[in-house]
Structures are given as C-alpha cells and as structure tokens.
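The values are calculated or read from the model by the stated rules, or taken from the named source; none is laboratory data. Please read all numbers here as calculations on a predicted model, not as lab measurements. In this analysis, Cβ positions are derived from the backbone assuming ideal geometry, glycine residues included, and neighbour counts consider all displayed protein chains.
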Amino acid sequence: MPRTVVSLLLAVAACLHMVAGTHAAGPRAIQLSVDQLVSDWYQREFGISVPRPAIFNDERAVDCRGDGHLTSTAYLRTGSTTADLLVLYLTRDGLNLINKFRRNVLMPGGRFNVLSVVVRHQATVGSDPISSWQVAQAAVNDTHVKFARDHGYSAPLVEFHNTNMLLEPSELSVPERRDIVAAALQRHNLAAGDDDIVMIINIDPARSEGGRTSPLPWRSIYVGNYAQWKTELRTTDWAAIARTSYQQLMAYFWGWQPGWTPTCGGTRLGHEPFITSPRLLGWEDVDGDGVPEVLDGTPYGRSTDPRY
C-alpha cells in the first residue's frame, strides 16, 4: 500500500479517536455545567449557597402529559428534627426555572416513634391483625437497613419504632376525626402528642377511601380502604398498606411531593420501594465527604461559616 495512503488512513483514525474522546467526555462536562447552574439558582432564588446540589434528572421521569423536569432539593437543618427544605424545578438543561418551593419540614432521618392504631374490622384484618402488621412494619425497616448496608453506612438513616394497638370500630365512630382519635387514646392512657406520628389503619370493608396526613396539632397518618378490600388481607396486602403508610404518606412530612420524580402508568425509576430518589431525601453523599447529606454538618459542600 502506498505510503501516502497509509498516512491518510492513520490521520483519519486519529481524527476519529479524537472525536470519540470528545463524545466520551461530553456528558461529564455537561453534568458539571448543570451542577453549577443549579447551584447558581439556589443563590439567586433563595440567597443560599449550595455548592454541590442534589439533582435528579432522569429523562424517564415524566407525568401523563409527557412533561418532566430537573429536580433539586436541599435540607438545611434548623433543629434536632426539623429542616428548612429548598426545592427547585428546572428545565433539564438547568437554564430555566419552572418552580421553586421553601418549607419547614421534618428532617428525613433518625428514629421516628409511631403510635400505630389498627381498627378491628374482622372481615378485612382478621383475628390477629397486629401480628400481620408487625411483619409488614419490619419489612419497611429492613429496606432502610439494606439501603444503609449497600451504601456502606454504619446504621440505617431512618428507623421506625412502632407501638401497635388494636381498637374496636365502636371506639372510633369517626376514625378520621382527630378529636375522636385523641379521646379514644386517652381512654387507654395514651396521649396523641407523645409520639412523632399517630397512624390510623382503618380498612373498613363498608367504606372506600384513600390516605391522608395532617401536621397539626400533632402529626397523623390515616390509611383507609383504598383498594376496596372485602375479604381478609393477605401478606402482600399488608405490605402494600405499609408502603402507603411509611414510604408515601410519611414522606409528605419530609416535604416530598409527587412532582419530584413524576411518573405515569407505573413507570419504575429504580428507587423503589422508596417513593422518590434517595438522593433528593438527603440519603446519599453528593458532596463527596463520605457523609450522607441528612447527617452532614456541612451538607451539599456548604461552608461552616454561618453567614453562608
């Protein structure tokens, strides 16, 4: 083969290698640029320095209209159990602000004492509901143990310590009313405000209703018969109720909203059984100091200087 042809082929190969290298480096360069853009948005919109923001930007995360966005959150601790939560929704390139939120929330970490009340509806919860419920509760805690182990943490970031009790339907004539719940607990020498969360599990076969939360005067979670169960709950049903209670409804107290990681039609994004990306809840180390942000004294690469 003539030398000039060989030289030309080598030159072409070198150019192709350079182009391939450029494409390989491209996504990282773009990601670093988006990180900086998000950091700038925190300073601009909240006047807060967040040098290494937590970002969720998965193209699969869209609602049923096909709309999606970049989500970033920052939990800045204000007390032993509370935080100032900053949330940004941006276009995926980080150039445009879609929405922003700021709330005082419960910090998504630590031990949560839960007073869990199961209403005895024999047709659905059976003769020994507490035993079945405890299995489902233990499975929730196990997911946090596994998450901690998989990420090299010495202990789970979240632990639910449950006190369970069984009440007759006659004791809770209107179980969604907080004053009636408080009065029923008082008759059993319990006070609603003594625990972090009061949880009511009311699988009434005669009523179809969903779940809800209420923050005042004490935090409560109410789960109704959202699946219209008419017969005795199976193990998988108890597990579903536990996910609704501890993964979804509990997350509202941490400031979570469905728009953080939108989906449609059961799309799975890889963070299941958690309701959203653990990164957005502060459960990952995003600033590279070896400490998950929910435990970090200087989260998101922030300075120890109180002015920032």
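Looking across region 189-207, the residues that are under 26 Å from the mean Cα position of the chain (by Cα) and in a loop (DSSP other than H, G, I, E, B) come down to 195, 196, 202, 203.
Yes/no matrix, rows are residues, columns are (1) assigned to a loop (DSSP other than H, G, I, E, B); (2) at pLDDT 95 or above; (3) among the aliphatic types (A, V, I, L, M):
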{"residue": "9", "(1), (2), (3)": "no, no, yes"}
{"residue": "13", "(1), (2), (3)": "no, no, yes"}
{"residue": "16", "(1), (2), (3)": "no, no, yes"}
{"residue": "20", "(1), (2), (3)": "no, no, yes"}
{"residue": "27", "(1), (2), (3)": "no, no, no"}
{"residue": "33", "(1), (2), (3)": "no, no, no"}
{"residue": "40", "(1), (2), (3)": "no, yes, no"}
{"residue": "52", "(1), (2), (3)": "yes, yes, no"}
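Is it the case that region 58-67 has a residue that's assigned to a helix (DSSP H, G or I), surrounded by 15 or more Cβ atoms within 10 Å (Cβ to Cβ) and modelled with pLDDT of 50 or more? The answer is no, given that none of the residues of region 58-67 is assigned to a helix (DSSP H, G or I), surrounded by 15 or more Cβ atoms within 10 Å (Cβ to Cβ) and modelled with pLDDT of 50 or more. The number of residues in region 93-107 being in a loop (DSSP other than H, G, I, E, B) and either surrounded by 14 or more Cβ atoms within 10 Å (Cβ to Cβ) or without any contact (Cβ under 8 Å) to a residue 12 or more places away in the chain (or both) comes to 3. For region 255-264, the criterion of being in a loop (DSSP other than H, G, I, E, B), modelled with pLDDT of 95 or more, at positive phi and touching an Asp or Glu at 6+ places or on another chain (Cβ under 7 Å) is satisfied by no residue at all. Put simply, of 237, 179 the only residue that is farther than 26 Å from residue 256 by Cβ, in a helix (DSSP H, G or I) and of a type in the set (Asp, Glu) is 179.
Pairs are defined by a Cβ separation below 8 Å, a sequence spacing of at least 6 or placement on different chains, a first member in region 150-170 that is farther than 23 Å from residue 250 by Cα, and a second member that is of a type in the set (Gly, Ala, Ser); the pairs so defined are 154/148. Selection of region 267-297 for residues being of a type in the set (A, V, I, L, M, F, W, C) and part of a loop (DSSP other than H, G, I, E, B) yields 269, 274, 275, 283, 286, 291, 294, 295.
Results for (1) surrounded by 22 or more Cβ atoms within 10 Å (Cβ to Cβ); (2) under 23 Å from residue 83 (Cβ atoms), shown as yes or no for each residue.
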| residue | (1), (2) |
| --- | --- |
| 207 | no, no |
| 224 | no, no |
| 232 | no, no |
| 241 | yes, no |
| 245 | yes, yes |
| 266 | no, no |
| 272 | no, no |
| 288 | no, yes |
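Once region 80-92 is narrowed to residues that are under 14 Å from residue 294 (Cβ atoms) and either assigned to a strand (DSSP E or B) or not polar (S, T, N, Q) (or both), the residue that is nearest to the chain's Cα centre (by Cα) is 85. The single condition from (1) at pLDDT 95 or above; (2) in contact with a Lys or Arg (Cβ under 8 Å, 6 or more places away or on another chain); (3) of a type in the set (Ser, Thr, Tyr) that residue 226 fails is (2). Just to be sure, is residue 112 surrounded by fewer than 18 Cβ atoms within 10 Å (Cβ to Cβ) and either part of a strand (DSSP E or B) or outside the structural domain of residue 232 (by TED's automatic domain parsing) (or both)? Criteria not met by residue 112. In region 124-162, the residue that is nearest to residue 199 (Cα to Cα) out of those that are among the polar types (S, T, N, Q) and surrounded by 14 or more Cβ atoms within 10 Å (Cβ to Cβ) is 162.
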